[in-house]
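Participant: Just dropping this structure here.
The values are calculated or read from the model by the stated rules, or taken from the named source; none is laboratory data. Bear in mind the structure is a predicted one, so any value in this text is a computation, not a measurement. Neighbour counts are summed over all protein chains in view; Cβ atoms, including those assigned to glycine, are modelled from backbone coordinates with ideal geometry.
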Amino acid sequence: MTEIRKTDTAAEIQAFLDFPRALYAKDPNWVCPLDVELRNLLFNRAKNPAFKDGDARCFVAYQKGRLVGRIAAFYQKKRAMKFEQPTGGVGFFECIDDDETAFALFDAARAQLRAWGMEAMDGPVNFGENDRNTGLLVKGFSQTAYGMPYNPPYYLRFFENYGFDVYFVQSSKELDLAQPPPERFVKITKYAQEKYNVSVKYASKDKLDVFGEYFREIYNDAWRFHEHFVPLEAEEVRQIVSELSMILIEEMTIFAFVKGEPAGFLICLPDLNQIIKPFRGKLSLWDGLMFMWRKRNKFEWYRKNGILTRGRVMIMGVKPKFQKHGVESAMAILPMDDCRRLGFKKIELSWVGDFNPGMKAVMDATGAAFAREHRTFRYIFDPEKRAAAQKARAVAIDNRAKAKVHEV
């Protein structure tokens, strides 16, 4: 019999944080997220802006006194109300290979979301922006990049058997910097520079407030046509900039301009999982001081010692009016030499959803190799509405398949 407890005490919060360390003790591919990051994300209302129009509740599961699982349920009103059924989220799910425990955790999260007025839940997702902690790993069970979830293969069975439906599929690829870029990209970049006066700049750390506003301007324009889009507010961008300022490398944070107007951005972060893996989620004062010292000069110590060799493109966007100006190619090609000079060997492009065929085409055109696939699921509480949504998705998939045949 599975017992579900809310994390109302310091002991239960610590149990929530500790459980994955036991679950993945023998898995060499898993990297433990830092406890301080999860505390700030799920338990610290002053640190996570998502609490301003939402809430989060975490649960842990026990069997005969033994800790066997965890889950978090959360919602943000401005996002939830964009859907036909107000939709919250579940995430940070971890569980032993036991259906009863998994379903008990899903039940607890669903009950909590119902109490908040939600009628559906997405998962696994983040409590905040979806650039991290989003998606269930279903293919490519190797060490993931910083911010990309990792889980055992048997989790897929839990989500499918409980009744979750695939909401979207996320693709990730890996670019080998030892290989020359596709000649097509090189030609497009040269054409873009000559025809449209496309130029790129690195985000200098002494002007991050300015580049933060460029980011918000481009993001809110580029994503506005996406279904259920919620614009980024200035305060949210300041929070993002504050977090990234500690770890970004200027040569990997690229902004494109067309005749001087901000047109696109590409943000690639160093893969911190290569650095934090030995910490197992617990960053001591000494570890923190050493990290701060070693990350000086663009993580020079880690790069020179061959520890940091990978980066992850976490987000890329271009204003719609500039999407046929070669901006994407210029942002991908022009920084490559600088990345190689810094010692980076691989760049993960993650992630691109199947709802964004244009960006997926750009990713495929880079010649990058398959890395992994994640899936994000949705569970609509009302059975009739869930059946209708399943039928609508099947029709949409069929229509896309027919469109591809027609293109061929």
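Participant: Among (1) in contact with a Lys or Arg (Cβ under 7 Å, 6 or more places away or on another chain); (2) over 30 Å from residue 383 (Cα atoms); (3) surrounded by fewer than 22 Cβ atoms within 10 Å (Cβ to Cβ); (4) hydrophobic (A, V, I, L, M, F, W, C), there is one condition residue 145 misses while meeting the rest; what is its number?
Facilitator: With respect to (1) in contact with a Lys or Arg (Cβ under 7 Å, 6 or more places away or on another chain); (2) over 30 Å from residue 383 (Cα atoms); (3) surrounded by fewer than 22 Cβ atoms within 10 Å (Cβ to Cβ); (4) hydrophobic (A, V, I, L, M, F, W, C), residue 145 is out only on (3).
Participant: A further question follows. Out of all the residues in segment 170-193, is one or more under 21 Å from residue 98 (Cα atoms) and of a type in the set (Phe, Trp, Tyr)?
Facilitator: No, segment 170-193 contains no residue that is under 21 Å from residue 98 (Cα atoms) and of a type in the set (Phe, Trp, Tyr).
Participant: Quick one: residue 87 ticks every box in (1) within 24 Å of the chain's Cα centre (by Cα); (2) without any contact (Cβ under 8 Å) to a residue 60 or more places away in the chain; (3) buried (at least 19 other Cβ atoms within 10 Å of the Cβ) except a single one, so which number is it?
Facilitator: (2)
Participant: A further question follows. Give the residue, chosen from 10, 25, 46, that is out of contact with any His (no Cβ under 6 Å at 6 or more places or on another chain), of a type in the set (A, V, I, L, M, F, W, C), exposed (fewer than 14 other Cβ atoms within 10 Å of the Cβ) and at pLDDT below 95.
Facilitator: None of the others qualify; the one that does is 46.
Participant: Any idea which of (1) more than 20 Å from the chain's Cα centre (by Cα); (2) in the same structural domain as residue 255 (by TED's automatic domain parsing) is the one residue 399 doesn't satisfy?
Facilitator: It fails just one condition, (2).
Participant: So which of 219, 196 ends up being closer than 23 Å to residue 49 by Cα and of a type in the set (Ser, Thr, Tyr)?
Facilitator: Answer to the check: 219.
Participant: Same structure again: Going by the structure shown, is residue 69 in a strand (DSSP E or B) and either without any contact (Cβ under 8 Å) to a residue 12 or more places away in the chain or out of contact with any Pro (no Cβ under 7 Å at 6 or more places or on another chain) (or both)?
Facilitator: yes
Participant: Take the residues of segment 262-298 that are out of contact with any helix residue (DSSP H, G or I) (no Cβ under 8 Å at 6 or more places or on another chain) and either in the same structural domain as residue 28 (by TED's automatic domain parsing) or touching a residue at least 40 places away in the same chain (Cβ under 8 Å) (or both): which is surrounded by the fewest Cβ atoms within 10 Å (Cβ to Cβ)?
Facilitator: In this case the residue turns out to be 277.
Participant: So, one more: If I ask for residues that are modelled with pLDDT under 95 and of a type in the set (Phe, Trp, Tyr), which ones from segment 62-107 would you list?
Facilitator: 83
Participant: So, of the residues in segment 210-257 that are surrounded by fewer than 17 Cβ atoms within 10 Å (Cβ to Cβ) and of a type in the set (Phe, Trp, Tyr), which turns out to be nearest to residue 301 (Cα to Cα)?
Facilitator: 223
Participant: Could you tell me which of the residues 332, 361, 371 is within 20 Å of the chain's Cα centre (by Cα) and outside any helix (DSSP H, G or I)?
Facilitator: Every option except 371 fails the conditions.
Participant: Filter segment 217-247 down to the residues that are among the β-branched types (Val, Ile, Thr) and in a loop (DSSP other than H, G, I, E, B), then identify the one that is farthest from residue 146 (Cα to Cα).
Facilitator: The extreme case among them is 230.
Participant: Among the candidates 48, 29, 44, which residue alone is within 17 Å of the chain's Cα centre (by Cα) and among the polar types (S, T, N, Q)?
Facilitator: 48
Participant: Here are some conditions: (1) in contact with a helix residue (DSSP H, G or I) (Cβ under 6 Å, 6 or more places away or on another chain); (2) modelled with pLDDT under 95; (3) not basic (Lys, Arg). Residue 355 meets all but one. Which one does it not meet?
Facilitator: Against the list (1) in contact with a helix residue (DSSP H, G or I) (Cβ under 6 Å, 6 or more places away or on another chain); (2) modelled with pLDDT under 95; (3) not basic (Lys, Arg), residue 355 comes up short only on (1).
Participant: Between a residue in segment 7-31 that is touching a residue at least 40 places away in the same chain (Cβ under 8 Å) and in the same structural domain as residue 73 (by TED's automatic domain parsing) and any residue that is part of a helix (DSSP H, G or I) and buried (at least 18 other Cβ atoms within 10 Å of the Cβ), which pairs come within a Cβ distance under 7 Å, given they are 6 or more apart or on different chains?
Facilitator: Short answer, once both residue conditions are applied: 7/13; 7/16; 17/35; 17/38; 31/273; 31/276.
Participant: Among the listed residues 193, 170, which satisfies the condition of being polar (S, T, N, Q), surrounded by 13 or more Cβ atoms within 10 Å (Cβ to Cβ), in a helix (DSSP H, G or I) and in contact with a strand residue (DSSP E or B) (Cβ under 8 Å, 6 or more places away or on another chain)?
Facilitator: So the residue among 193, 170 that is polar (S, T, N, Q), surrounded by 13 or more Cβ atoms within 10 Å (Cβ to Cβ), in a helix (DSSP H, G or I) and in contact with a strand residue (DSSP E or B) (Cβ under 8 Å, 6 or more places away or on another chain) is 193.
Participant: Can I ask one more? Are any residues in segment 117-160 within 16 Å of the chain's Cα centre (by Cα) and among the aromatic types (Phe, Trp, Tyr), and if so, which ones?
Facilitator: Passing the criteria: 127, 146, 150.
Participant: Mind listing whichever residues of segment 51-66 are outside any strand (DSSP E or B) and not charged (D, E, K, R)?
Facilitator: 51, 65
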